[in-house]
1. Report the gain in length on full extension from Thr85 to Ile70: 0.36 nm times residue separation, minus Cα-Cα distance, nm rounded to one decimal.
2. Contour minus end-to-end for Lys111 and Phe60, with contour as 0.36 nm per residue of separation and end-to-end as the Cα-Cα distance?
3. Where does the charge balance sit around Leu143 when Lys and Arg score +1, Asp and Glu -1, over other residues with C-beta under 14 Å from its C-beta?
4. Taking the Cα-to-Cβ direction at Ser33 and at Thr46 and moving 7 Å from each Cα, how far apart do the two end points lie in nm?
5. Testing the spin-label approximation: label points 7 Å from Cα along Cα→Cβ at Asp97 and Lys132. State their distance in nm.
6. Counting Lys +1, Arg +1, Asp -1, Glu -1, what net charge surrounds Pro99 among other residues with beta carbon under 11 Å of its beta carbon?
Amino acid sequence: MKKHLSHILLTLLAAFLCSCGGVEKVKDIKVTSVGVESYSFSGLRTINAVLALGIDNPTFAFKVTGLNGILKYKGEDFAFYSADTIKVDKKCSKVYDLPCSATLSDGVSLKKALQIAQGNSLEGFTTDVEAKVKLKSGAGTTLKFKDLDLQKMAEGK
């Protein structure tokens, strides 16, 4: 389950950073690594984690806030997730801590979640996600994506 959470947040953040548009150098922003610093369960339905997210940013400083979404498995709601604000420094390559959490949807049992997580694949997972990207100057935009295929994103397609 923790491996899926880190893959999901990594691919989502990469999608956000590459979708900012307008400035050509934005395409040069790269997520270079992701790892799970720590995780803990909060009851039987929620996992809290801190991801170590490596970002190479050759451009301007920005922050991502309000990152939240719905993870779906084969079209059915699977979990709701959110991540704290991440402030990315300009023109540097650095590892950032990103606190995040995911809670299973009401129709998903812990047993079912563990069975799916053991599959070690993102096949069948899609997400609807929303986040705000803001520049240091205050200019920003809200990005919304629907039905992103996580398997294709992980493969770079």
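1. Values: separation 15, 0.36 × 15 = 5.40 nm, distance 1.78 nm.
Between Thr85 and Ile70, full extension yields 3.6 nm more.
2. Values: separation 51, 0.36 × 51 = 18.36 nm, distance 4.42 nm.
Gain in length upon complete extension: 13.9 nm.
3. Details: positive: Lys63, Lys132, Lys134, Lys144, Lys146; negative: Asp128, Glu130.
That works out to +3.
4. Result for the modelled spin labels: 3.0 nm.
5. The answer from the label model is 2.4 nm.
6. Details: positive: none; negative: Glu37, Asp84, Asp97.
Residues close to Pro99 contribute a combined charge of -3.
A short reminder: the numbers here are calculations on the coordinates, not readings from a lab. The model shown is predicted, which means the values in this text are computed figures rather than measured ones. Neighbour counts run over all protein chains shown; Cβ positions are idealised from the backbone, glycine included.
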